[in-house]
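Shown next, in structure tokens, is the structure this report addresses.
The values are calculated or read from the model by the stated rules, or taken from the named source; none is laboratory data. Bear in mind that the values here come from a model prediction, so they are computed numbers and not experimental data. Cβ placement follows ideal geometry from the backbone for every residue including glycine, while neighbour counts extend to all protein chains displayed. In case anyone asks, the SASA skips ligands and DNA or RNA and just uses the protein heavy atoms, side chains included. Shrake-Rupley method; radii C 1.70, N 1.55, O 1.52, S 1.80 Å.
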Amino acid sequence: MNRSPFFYVGDKYKLMKQLSGYFPHDVNRLIEPFCGGGSVFLNFHAKNYLANDKNKHMIKLHKFLKSYANNRNSFYKKLEQQIKHYGLSASYLGIMVSDELKSKHKKTYYAVFNKNAYKAVKDDFNKNKNDLLLLYILLIYGFNHMLRFNSSGDFNLPVGNVDYNKNVRTALDAYFDFIESNEIVFSCLDFVDFVKGITFESGDFVYLDPPYLISKCEYNKGWDEKCESALLNLLDELNSKGINFALSNVFNHKGRSNEMVIEWSKKYKVKPVKSNYISYYDNTIKEDTTEVLITNY
Ligand SMILES: C[S@@+](CC[C@H](N)C(=O)[O-])C[C@H]1O[C@@H](n2cnc3c(N)ncnc32)[C@H](O)[C@@H]1O
């Protein structure tokens with residue numbers, strides 16, 4: 001499985017093995033209205049791809065990496081130059097944190113080492129928000145690899161305990177491999193406008209991973225019953241046109257249930273998905289989550 005170099009919180013990376021078993025084969029075009037970091041399309045075989053997300057920063061970063069599809073060495077050169085320029089650690093390049101710092105700050109040494117350099121990157125990015133390389137560096141070194149902006153539009157995440165390591169490099173290589181050999185078009189629209197703008201053809205498959213109404217996540221803000229209902233109506237329309245779709249969702253989570261989706265899903269097929277909300281360290285700690293894939297095929 002390819003890991004996305006955006007390490008998106010709530011991504012489908014860990015579930016892709018299960019989901020792939022439920023996806024149709026011989027898809028001509030994969031259409032993803034909520035692509036996030038791209039964990040699904042990166043692991044899906046189709047002839048063409050349409051990937052959309054409302055998060056403009058995410059889509060800008062996808063397009064930015066795509067612009068280096070046939071020139072990844074130039075991307076790596078610029079990335080590594082900036083890492084050195086700001087004095088960030090980079091395990092992949094052998095720019096290591098000292099043993100002394102490691103023993104003094106056992107679990108946080110990257111964060112301690114990179115704190116000031118990260119702040120300098122953040123300040124420079126906030127002065128020039130077109131510098132997407134700096135935004136990607138903020139994502140690599142930031143807390144939980146997240147993208148977060150305040151109400152004035154400034155990037156405002158603290159440093160994370162991570163650096164440019166082998167995992168990041170492997171994920172970038174896999175992304176470039178994928179982008180180099182596949183036709184993918186990105187867009188940044190609300191899902192309704194995105195889907196309504198498509199001329200559907202046979203062989204299209206729509207996979208949807210929207211924010212979940214009953215769970216909490218940064219990108220769930222603004223997702224309400226109205227959005228959920230618009231989504232379900234849109235899927236009924238696709239179904240009536242004979243377009244195959246699969247919708248990820250949760251029926252129950254932490255004592256709450258999504259009755260609207262549960263009721264609606266009765267018209268379709270519901271496949272169980274073993275959710276990563278279950279603690280892998282102690283399988284007695286289950287968070288009462290029923291994750292599902294709802295399909296019309
Ligand atoms: C669960 S995440 C998708 C994760 C993705 N499958 C992955 O593996 O990285 C849901 C996504 O929906 C996007 N989103 C939220 N509201 C949206 C809307 N109205 N239209 C399109 N995308 C939206 C969020 O920005 C977020 O990236």
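So how much accessible area does S257 have, in Å² to the nearest 10, using a 1.4 Å probe?
For S257, solvent-accessible area is about 50 Å².
With runs of 4+ DSSP H residues as the only contributors, calculate the mean residue ellipticity of the chain at 222 nm using -39,500 (n - 2.57) per run, divided by the residue total and rounded to the nearest 500. Let's see the in-between values first.
Numbers: 10 runs with 112 residues, N = 297.
Counting only the DSSP helices, I get -11500 deg cm²/dmol.
Of L213, L30, L93, which is the most mobile in a GNM of the chain whose springs link Cα atoms less than 10 angstrom apart?
L93
For C227, what accessible area in Å² do you get when you roll a 1.4 Å probe over the heavy atoms of the protein chains, rounding to the nearest 10?
Solvent-accessible area, nearest 10 Å²: 30 Å².
May I ask you to list the trypsin sites (Lys or Arg not before Pro) in the range 102-143 that are in a DSSP loop and have at most 10 other Cβ atoms within 10 Å of their Cβ?
Numbers: sites: K102, K104, K106, K107, K115, K119, K122, K127, K129; in loops: K106, K107, K129.
The qualifying sites are K106, K107.
Might you report the magnitude of the Cβ-based charge dipole of the chain about its Cα centre, with Lys and Arg at +1 and Asp and Glu at -1, to the nearest 20 debye?
800 debye
Restricted to Cα positions, what overall size does the chain have along the principal axes? Three whole-Å values, descending.
61, 46, 37
Go through K14/K60; K196/K271; K122/K216; K60/K196; K122/K274 and tell me which ones have a Cα-Cα distance over 31 Å in this structure.
Violating the 31 Å limit, Cα to Cα: K122/K274.
For the range 169-297, give the magnitude of the charge dipole about the Cα centre (Cβ charges: +1 Lys/Arg, -1 Asp/Glu; no others), in debye to the nearest 20. Show your work: numbers first, answer last.
Details: 14 positive and 21 negative charges, 102 e Å.
Here the range 169-297 has a charge dipole of around 480 debye.
At what distance in angstrom do the alpha carbon centres of the range 172-204 and the range 49-77 lie from each other?
Rounded to whole Å, the Cα centres lie 12 Å apart.
S91: net charge of surrounding residues, Cβ under 15 Å, Lys/Arg +1, Asp/Glu -1, itself excluded? Walk me through the intermediate numbers first.
Values: positive: K84, K102, K166, R169; negative: E80, D99, D163.
Local net charge: +1.
For the chain, what does the accessible surface come to per residue with a 1.4 Å probe? Please give it in Å².
Values: 14780 Å² over 297 residues.
About 50 Å² of surface per residue is accessible.
Go through T170, L247, T199 and say which Cα lies farthest out towards the positive end of the charge dipole of the chain; charges sit on Cβ, +1 for Lys and Arg, -1 for Asp and Glu.
Most positive-ward Cα: T170.
Which value, to two decimals, describes the C-alpha radius of gyration of the range 64-170 once divided by 2.2 N^0.38 Å? Don't jump to the answer; show the numbers that get you there.
Working: Rg = 13.9 Å, N = 107, 2.2 N^0.38 = 13.0 Å.
Ratio of Cα Rg to 2.2 N^0.38 Å: 1.07.
Show me the chymotrypsin sites (Phe, Trp or Tyr not before Pro) within the range 192-283 that DSSP assigns to loop and that have at most 11 other Cβ atoms within 10 Å of their Cβ. Spell out each step's value before the answer.
Working: sites: F194, F200, F205, Y207, Y212, Y219, W223, F245, F251, W264, Y268, Y277, Y280, Y281; in loops: F200, Y212, W223, Y268, Y277, Y280, Y281.
Listed in order of number, the matching sites are Y280, Y281.
For the range 64-170, with only Lys/Arg (+1) and Asp/Glu (-1) charged at the beta-carbon, what is the dipole magnitude about the Cα centre, in debye rounded to 20?
Numbers: 17 positive and 8 negative charges, 41 e Å.
Dipole size: approximately 200 debye.
Within the range 185-270, which trypsin sites (Lys or Arg not before Pro) sit in a loop by DSSP and count at most 12 neighbouring Cβ atoms inside 10 Å? Don't skip to the end; give the middle numbers.
Details: sites: K196, K216, K221, K226, K241, K254, R256, K266, K267, K269; in loops: K216, K221, K241, K254.
Those that pass, being in a loop and sparsely packed, are K216, K221, K241, K254.
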